[in-house]
Amino acid sequence: MNKKYRYGILFTVLVISVLLAGCVEKTGETPGEAAGEIKIGIVAPVTGGASTTGTDMWQAAVLAADEINAKGGVPVNGVNMKVKLIKGDTETSRESGVKAVTKLITVDKVDILIGGFSSGITKADQVVAAEHKVPFIITGASSPIMTRRTDIDTSYFFHHCPTTDDYPESTLLFVDDAVKPAIYTKSDFAADRPLRLGVIYQDSAYGEGVYDGIKKTIENNNLNMEIVSAEKFVMSQTDFRAVLTMIKAAKPDVVYPAAFLNEQTLIVAQGRRDVGLNTIYLSVECNDHPDYYTGVGEWGEYSIQESRFGPYANPAGAIRSNVLKFRDDFKSKWGAPPGMMGASTYEGVYIAAEAIKNANSVDKEKARASLAELEMPQIIEVMEGNTITFSSDYRESKFALYMQQLIMDEAAGETRPKIVWPESVKETDFVLPDWYEPGTGGA
Amino acid sequence: MDTGVFLLILAWGLYAGCIYILLAIGLNLIFGVMKVVNFAHGELLMIAAYATFWVYTYSEINPYLIIPVVVLLMAFLGVLIERLCFRPILGTGKLNEIFLSLGLIYVFQNLAALLWSADSRSIHSPYSGISVSIGSITLPLDYVAIIVITFIILIVFHVFMKRTTVGRAMRAASQNREAASLMGINVERMDMLSFALGSTLAAVAGSLWMISGQMVNPYMGSIPAIKAFAVIIIGGLGSIPGAIVAGLTLGIAENIVPFLMQSFVAVFGVEMSFTAWKDTIAFFILIIVLVIRPTGIFGEKGE
């Protein structure tokens with residue numbers, strides 16, 4: 001090849017690289033560049049398998065920071081400090097997560113970390129945060145070990161999302177209260193027949209946590225339920241047909257997947273469309289996202305979605321106006337409605353700002369102490385006692401969870417959730433569809 | 001053991017095997033003719049899946065009719081990749097080829113994320129609610145169609161390679177590049193054709209992937225590509241029959257083995273889930289084959 005041609009190719013590659021580099025969003029600035037700023041690192045999987053959720057978290061955090069800054073910032077020592085967010089993309093992998101958090105702490109010198117999605121990834125991130133004693137408000141990783149693990153100092157970690165113990169408790173209490181009676185009436189089952197539960201869970205701290213939570217809930221609440229099949233899958237798996245066929249063979253009455261959004265979409269669609277597993281699918285709250293309703297389409301109809309903040313349904317109550325404003329503002333800024341992890345990350349930025357304001361300092365130890373003593377009104381998610389506060393033992397905030405059923409909305413061309421439980425906030429009753437096929441096991 | 005469940009899982013394995021075969025044969029063809037390992041082959045599947053999605057979204061025509069359009073687009077892309085990326089560095093060292101194809105992975109992934117965002121997208125086949133009974137099992141029509149389409153493509157591909165002048169020329173270039181050149185075969189044209197054909201097969205795999213209800217996002221190409229690499233190593237580098245046998249074996253094994261293992265331990269009263277072992281099983285087979293036959297099932301020494 002002649003030299004001219006070779007240099008031509010080299011030049012073209014360089015130009016394309018520069019153009020592509022120009023398209024990359026600026027993620028931070030040099031340390032110490034701007035005094036008078038509170039630097040918050042947003043730890044989220046903006047790329048990779050959980051990118052939908054990660055992007056939602058980042059966009060919600062940006063909205064919160066913009067709102068706080070528009071109101072003048074956070075008063076600290078007589079100076080109104082602006083909130084500056086720095087993106088830490090975990091790329092939905094442990095290795096990249098550790099790299100991102102290390103950079104946020106050592107290069108960007110953040111004052112506080114917010115976010116963390118996927119317990120497995122966040123568990124690895126925590127090691128770096130603990131070593132550098134950086135307060136971390138965890139708004140997306142749901143394993144209770146986040147603040148309960150004993151191999152590192154967890155005193156800097158504050159858990160602002162329900163744990164994997166909380167999801168199954170609300171979900172299975174609802175199943176026992178509303179789904180089971182409907183199935184037993186339709187199928188004429190004896191009241192003492194245990195409800196047959198199929199579980200399909202991600203082979204990760206998150207999935208294992210939900211599965212453990214399911215077993216604990218059944219035992220602690222003395223529920224008449226039997227796990228007839230419990231199958232694992234690897235994170236980001238796309239083909240669930242074989243495993244769903246095995247679950248179908250166990251003849252469950254209800255199937256409880258512990259999966260992320262893309263996985264849950266495929267589990268429900270492949271289960272109903274390909275395998276013919278015509279049952280009631282339950283869903284963990286992280287999937288209450290517009291992309292889930294679009295992706296799962298008509299196959300998601302009548303499935304159950306546990307939630308604390310959704311893009312469509314609103315529980316009645318004092319914070320309803322806050323929720324509607326957040327949703328409108330988010331949509332006008334980003335062009336799509338927010339998801340649940342976005343909601344808790346949005347609150348996470350407000351929590352960090354409030355803690356720093358109360359501490360009157362960005363000092364990490366003072367911010368940690370301030371977070372431990374924090375008591376602030378609920379913002380856009382219903383909290384127990386209507387207050388955001390962290391428990392003294394494991395630094396967990398407590399959410400009031402509700403259950404939704406997906407009903408086809410002809411105008412939207414996809415399903416929309418209706419709140420069916422608990423009684424205090426429900427919009428309509430749970431419906432058992434005509435196509436539902438119960439498991440066997442005796443009438 | 002429930003025979004109906006066994007047969008159904010076997011069918012899912014057959015479907016997975018079809019996707020692996022289409023990808024692996026494309027990889028093998030490129031490797032056979034150019035002796036280049038294109039690590040970015042999974043990204044061709046991803047781009048084809050996006051192409052299927054966009055054509056379907058804007059035209060709303062039957063997704064099966066979109067396949068020829070996507071095939072043409074991908075053939076053109078394949079030619080571009082060969083001409084602009086691989087041809088200039090051909091023969092300059094294996095490391096150059098490896099790093100170029102690794103670089104292409106990131107370029108394609110980031111371009112896709114930039115152009116179409118990182119959101120996952122899917123389409124709905126018009127036949128998604130229709131099932132057909134085959135013996136004691138019932139399969140969705142789309143899966144039967146996918147398996148049939150794959151086998152038709154394999155037959156056409158076989159006839160093309162064995163019976164046509166161009167096919168024979170590609171085989172000759174694959175067997176001995178210099179001798180083929182001396183016999184008057186334009187090996188550079190064969191390189192271009194092999195990339196076009198390889199991309200075409202990846203295009204079919206990508207379209208069928210979408211039709212089967214799977215989702216596409218910029219990062220989804222890696223896993224099928226890794227499996228396709230396992231397939232060509234198990235089958236033997238450069239061997240088309242090897243890729244077919246290994247693709248089917250891998251697809252079926254990774255679906256059926258967890259079921260068999262579960263049934264086996266259940267005999268001893270042990271309840272254990274092996275379904276997360278899918279990938280482990282694929283690479284366990286790879287290790288066994290390499291230990292027993294380092295050249296792969298149909299591979300020859302020197303590849």
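The values are calculated or read from the model by the stated rules, or taken from the named source; none is laboratory data. What you are looking at is a predicted structure, and each value in this text was computed from that prediction instead of being measured. No Cβ is skipped: glycine too gets one built from the backbone with ideal geometry, and neighbour counts run over all protein chains shown.
Assorted remarks:
- For B:P294, the criteria (1) free of Cβ contacts under 8 Å to residues at least 60 places away in the same chain; (2) under 30 Å from B:V107 (Cβ atoms) hold in every case but one, which is (2).
- Residue tally, condition surrounded by fewer than 14 Cβ atoms within 10 Å (Cβ to Cβ) and either in a loop (DSSP other than H, G, I, E, B) or of a type in the set (V, I, T) (or both), over the stretch B:65-93: 3
- Any hit, the stretch A:119-136, residues being assigned to a helix (DSSP H, G or I), in contact with a strand residue (DSSP E or B) (Cβ under 7 Å, 6 or more places away or on another chain), in contact (Cβ under 8 Å) with a residue 60 or more places away in the chain and under 30 Å from A:Q404 (Cβ atoms): yes
- Matching residues in the stretch A:266-275 - criterion: being more than 7 Å from every other protein chain (Cβ to nearest Cβ) and in contact with a helix residue (DSSP H, G or I) (Cβ under 6 Å, 6 or more places away or on another chain): A:V268, A:G271, A:R272, A:V275
- The stretch A:251-293 - residue that is of a type in the set (D, E, K, R) and in a loop (DSSP other than H, G, I, E, B) and, of those, farthest from B:G13 (Cα to Cα): A:D288
This table checks each residue for (1) within 19 Å of the chain's Cα centre (by Cα); (2) crowded, with 19+ Cβ neighbours inside 10 Å; (3) more than 15 Å from A:V255 (Cα to Cα).
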site	(1), (2), (3)
A:V175	no, yes, no
A:A191	no, no, yes
A:P194	no, no, no
A:L223	no, no, yes
A:V234	yes, no, yes
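- Total residues in the stretch B:133-147, condition surrounded by 13 or more Cβ atoms within 10 Å (Cβ to Cβ) and more than 11 Å from chain A (Cβ to nearest Cβ): 4
- Residue in the stretch A:276-317 that is farthest from the other protein chains (Cβ to nearest Cβ), counting only those that are more than 12 Å from A:N262 (Cα to Cα) and among the aromatic types (F, W, Y): A:F309
- Boolean, B:G198 is modelled with pLDDT of 90 or more and either crowded, with 18+ Cβ neighbours inside 10 Å or closer than 23 Å to A:V268 by Cα (or both): yes
- Out of A:T102, A:T106, one residue alone is at pLDDT 95 or above, surrounded by fewer than 24 Cβ atoms within 10 Å (Cβ to Cβ) and under 25 Å from A:Y206 (Cα atoms). It is A:T102.
- Set B:I185, B:I147: member being under 25 Å from B:L90 (Cβ atoms), among the β-branched types (V, I, T) and modelled with pLDDT under 95: B:I185
- Filtered by the rule that a residue be assigned to a strand (DSSP E or B) and more than 14 Å from every other protein chain (Cβ to nearest Cβ), the stretch A:198-250 gives a lone residue, A:M225.
Here is a yes/no grid of residues against (1) out of contact with any Lys or Arg (no Cβ under 8 Å at 6 or more places or on another chain); (2) closer than 23 Å to A:K366 by Cα:
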site: A:S118; (1), (2): yes, no
site: A:A124; (1), (2): no, no
site: A:Y156; (1), (2): no, yes
site: A:H160; (1), (2): yes, yes
site: A:P168; (1), (2): no, no
site: A:R193; (1), (2): yes, no
site: A:A205; (1), (2): no, no
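- Residues satisfying the stated conditions in the stretch B:259-289, i.e. more than 12 Å from every other protein chain (Cβ to nearest Cβ) and in contact (Cβ under 8 Å) with a residue 60 or more places away in the chain: none
- Scope the stretch A:354-366; condition part of a loop (DSSP other than H, G, I, E, B) and either surrounded by 21 or more Cβ atoms within 10 Å (Cβ to Cβ) or touching a Ser or Thr at 6+ places or on another chain (Cβ under 9 Å) (or both); matching residues: A:N360, A:S361
- Residue within the stretch B:99-113 that is of a type in the set (V, I, T) and away from chain A (no Cβ under 13 Å) present: yes
- Every listed requirement among (1) closer than 23 Å to A:K180 by Cα; (2) out of contact with any helix residue (DSSP H, G or I) (no Cβ under 9 Å at 6 or more places or on another chain) is met by A:A313 save one, (1).
- Residues satisfying the stated conditions in the stretch A:39-64, i.e. assigned to a helix (DSSP H, G or I), within 20 Å of B:N110 (Cβ to Cβ) and modelled with pLDDT of 95 or more: A:W58, A:Q59
- In the stretch B:114-132, the residues that are touching a residue at least 40 places away in the same chain (Cβ under 8 Å), within 7 Å of chain A (Cβ to nearest Cβ) and among the hydrophobic types (A, V, I, L, M, F, W, C): B:A118
- Here is the figure for the stretch A:98-135: residues that are of a type outside the set (A, V, I, L, M) and over 16 Å from the mean Cα position of the chain (by Cα) total 13.
- Going through (1) β-branched (V, I, T); (2) modelled with pLDDT of 95 or more; (3) more than 19 Å from the chain's Cα centre (by Cα) one by one, A:T428 falls short only on (2).
- Number of positions in the stretch A:191-208 that are in contact with a strand residue (DSSP E or B) (Cβ under 8 Å, 6 or more places away or on another chain) and either within 20 Å of A:I145 (Cα to Cα) or free of Cβ contacts under 8 Å to residues at least 12 places away in the same chain (or both): 6
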